[in-house]
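What follows is a set of notes on a single structure, which appears directly below.
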Amino acid sequence: MPVKIRLQRHGSKKRPFYFIVVADARSPRDGKFIQKLGTYNPLTVPATIQVDRQRALDWLHKGAQPTDTVRRILSFKGVLFLKHLLRGVKLGLFDEATAMEKFTKWSAEHDAQIKKRQDEAYRNKRARRPMPGRRPERRTEGEKGGEG
């Protein structure tokens, strides 16, 4: 049975919200699934992603194939990097403690980068908003720019 890790659409029209699920490749997009791994909300800035790393890693080791979008999501959350590190452990390139140390270092840097993006998006949103209590100045016909 070919198994895929893919997105299952929920939410209303023009307001998408997705479940990240493991499903038989032959089942419909929003049909029956084997296990739910997490959620993905593309409407927030940056997109909100919640994934159970261990379950996703288990399914990848069992041979489940992620779709292109899910592959990007798993890469963003570090699941594919962790799979790569565990393969190095299996081949004897380094021990498991070193692999976990590398992953935690990467995860800390990644979380700091995400926090920076969230703060930047919040500042940009605040800058676009008009100040409360101040009305925009009205121009009269004599003050129009470009004449002269």
Of Leu7, Tyr122, Tyr40, which is farthest along the charge dipole of the stretch 3-129 in the positive direction, counting Lys and Arg as +1 and Asp and Glu as -1 at C-beta? Tyr122
Could you rank the peptides 24-34, 61-71 by their average count of other C-beta atoms within 10 Å per residue, with the highest value first? 61-71, 24-34
Across Lys32/Lys83; Lys36/Lys83; Lys83/Lys105; Lys32/Lys62; Lys14/Lys83, pairs whose alpha-carbon gap is larger than 23 Å: Lys32/Lys83; Lys14/Lys83
At 0.36 nm per residue, minus the direct Cα-Cα distance, what do Arg29 and Lys125 gain on full extension? Give it in nm, one decimal, please. 31.1 nm
Electrostatic dipole magnitude of the chain [Cβ: Lys, Arg +1; Asp, Glu -1; Cα centre; debye, to 20]: 600
Name the residue from Leu86, Ser107, Phe76 whose Cα lies farthest towards the positive end of the charge dipole of the stretch 70-111, charges +1 on Cβ of Lys and Arg and -1 on Cβ of Asp and Glu. Phe76
What Kirkwood Rh does the stretch 3-129 have if only Cα atoms enter the pairwise 1/r average? Answer in Å. 16.3
Set the Förster distance to 22 Å, then compute FRET efficiency between Phe19 and Asp58 from the Cβ-Cβ distance, nearest 0.05. 0.80
Quick one: which residues, 5 or more positions from Ile34 or on another chain, have an amide H under 5 Å from its amide H? H modelled 1.01 Å from N in the peptide plane, none for Pro or chain starts. Val22, Ala23, Asp24
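Coordinate-derived values only; no laboratory data. Owing to the predicted nature of the structure, the values given are computational and were not obtained by experimental measurement. Please note: Cβ atoms are built from the backbone with ideal geometry, for glycine as well, and neighbour counts cover all protein chains shown.
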